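The block underneath contains the structure these notes are about, expressed in structure tokens.
The values are calculated or read from the model by the stated rules, or taken from the named source; none is laboratory data. Source: prediction; values computed, not measured. Please note that ligands, DNA and RNA were not included when accessible areas were found on the heavy atoms of the full protein model with its side chains. Shrake-Rupley method; radii C 1.70, N 1.55, O 1.52, S 1.80 Å.
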Amino acid sequence: MPEHRAMTAAEHAEPAVPATPYQVCVCYLLRTAPDGGTEVLLGQKLTGLGVGKMVGPGGKIEPGESALEAIVREVEEETSIRVAPSDLREAGFLSYAFPHRPAWSQESTVFVATVWHGHPEPSEELAPRWFALDDIPFDLMWDDAKYWLPRVLNGEQVRARFSFRADNATVAESDLPLE
């Protein structure tokens with residue numbers, strides 16, 4: 001019969017924090033709206049970290065995958081849209097520190113595309129919707145998005161660090177101006 005013992009305090013503790021943040025990727029698909037303006041595809045996150053927030057399609061980079069391979073897979077899994085690697089523009093690299101929840105710390109490669117195939121469909125992870133660029137719901141997104149996303153959607157390349165407050169929702173500091 002197996003021996004039963006009480007768990008130690010170390011065994012009850014949260015899992016060890018990885019030595020480096022985990023790697024993710026995100027993509028912003030742009031299209032011309034019927035009125036001639038530009039729209040971006042965002043989606044309400046239905047599972048996992050950030051549930052309820054509006055985000056671009058994306059997710060974790062799997063072992064052995066490049067960020068480019070991962071974003072092609074993630075966009076199709078989350079929206080049913082197929083995008084060719086050659087139609088993606090790498091637009092940024094973001095580092096996120098969550099000092100009060102270190103397991104959430106991550107690094108994200110940002111992509112933009114204006115060419116793809118298919119129509120956005122909801123998935124178990126994301127409920128996609130198009131938004132005019134002047135009507136992006138920043139109040140429903142992660143707090144950092146308002147500082148860098150407009151730049152990326154304007155064609156800029158962005159590299160930035162963000163550190164979050166104890167609420168794990170509000171940016172405390174960044175190397176971008178917090179205005």
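Could you order Trp148, Trp130 by accessible surface area, starting with the largest, using a probe radius of 1.4 Å?
Values: Trp148 10, Trp130 50 Å².
Solvent-accessible surface, decreasing: Trp130, Trp148.
Counting only helical runs of four or more DSSP H residues, what would the 222 nm mean residue ellipticity of the chain come to if each run contributes -39,500 (n - 2.57) and the total is spread over all its residues? Don't jump to the answer; show the numbers that get you there.
Values: 3 runs with 26 residues, N = 179.
About -4000 deg cm²/dmol.
Using alpha carbons only, what's the Rg to Rh ratio of region 83-152 with Rh from Kirkwood?
Numbers: Rg = 14.3 Å, Rh = 14.6 Å.
Rg/Rh for region 83-152 comes to 0.98.
What are the extents of the Cα atoms of region 114-162 along their three principal axes, in Å, largest first?
Extents along the principal axes, in whole Å: 31, 24, 21.
For region 17-131, just the Cα set please: Rg and Dmax, both in angstrom.
14.2, 48
State the percentage of accessible surface on region 81-149 attributable to carbon and sulfur atoms; use a 1.4 Å probe and exclude ligands, DNA and RNA. Spell out each step's value before the answer.
On the way: 1760 of 3490 Å².
That fraction is 50 percent.
Rolling a 1.4 angstrom probe over the protein heavy atoms, how many square angstrom per residue are accessible across the chain? Could you put the intermediate results ahead of the total?
Details: 10170 Å² over 179 residues.
Per residue, the chain has 57 Å² of solvent-accessible surface.
With an 8 Å cut-off on Cα pairs and a minimum separation of 6 or more residues, tell me the relative contact order of the chain in percent. Could the numbers behind the result be given before it?
Numbers: 347 pairs, mean separation 43.7, N = 179.
Relative contact order, the chain: 24 percent.
Suppose accessible area is computed on protein heavy atoms with a 1.4 Å probe; arrange Asp143, Asp35 from highest to lowest. List each step's numbers first, then the result.
Numbers: Asp143 30, Asp35 130 Å².
The most accessible residue leads, giving Asp35, Asp143.
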